[in-house]
1. Find out how many positive minus negative residues lie around LEU26, taking Lys and Arg as positive, Asp and Glu as negative, among other residues whose Cβ is under 13 Å from that of LEU26.
2. What's the ranking of 34-43, 3-12 by average number of surrounding C-beta atoms within 10 Å, highest first?
3. Under 16 Å from a label point 7 Å along Cα→Cβ of LYS11: give me every residue in the range 62-94 with its amide N that close.
4. Any idea what the dipole of the chain comes to, in debye rounded to 20, about its Cα centre with Lys/Arg Cβ at +1 and Asp/Glu Cβ at -1?
5. What percentages, rounded to whole numbers, describe P(r) for the range 30-82 computed over all alpha carbon pairs with 10 Å bin width beginning at zero?
6. Keeping the other protein chains in place, figure out the carbon and sulfur percent of the accessible area of the chain, with a 1.4 Å probe.
7. Give the residue from GLY73, HIS27, ASN10 lying farthest towards the positive end of the charge dipole for the chain; charges sit on Cβ (+1 for Lys and Arg, -1 for Asp and Glu) and the dipole is referred to the Cα centre.
8. Just from the alpha-carbon atoms, what are the Rg and Dmax of the chain in angstroms?
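The values are calculated or read from the model by the stated rules, or taken from the named source; none is laboratory data. Just so it is clear, the model here is predicted, and its values are computed rather than measured. Reconstructed Cβ throughout: ideal geometry from the backbone, glycine too, with neighbour counts over all protein chains shown. Accessible surface is based on the protein model in full, side chains and every heavy atom, while ligands, DNA and RNA are left aside. Shrake-Rupley method; radii C 1.70, N 1.55, O 1.52, S 1.80 Å.
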Amino acid sequence: MFPYVALSKNKAWQPGPYEGVELMILHQHNTIPAHTHPAANEWAYVLSGEWEESGSTYTTGALFFAPKGTRHGPHIARTEVISLTIFDGPLTVE
């Protein structure tokens, strides 16, 4: 069972940053501690905002890759961050 489940039926669409764009926030977290995904590679693409990783700040257009089994983080949102994160296997965190 997943420790967190977001159901879109329980969320509301809200105005986005541009005319004609709406968004639905499914999950929000300002700091994610250092962790490992033992069974999945992770890609994270910063769509907007400032994301701090290992003491460096990254902005729109940054792409992160963490091979499975690689410890990474903490991830710290220095501003509101919108990212697209993709995992290619079962998502377990250690």
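1. Value of the local net charge: +2.
2. 34-43, 3-12
3. Counting only backbone N, you get 81-87.
4. 240 debye
5. In whole percents, the pair-distance histogram is 26, 56, 17.
6. 57 percent
7. My answer, from the dipole projection, is ASN10.
8. In Å, with Rg to one decimal and Dmax whole: 14.3, 41.
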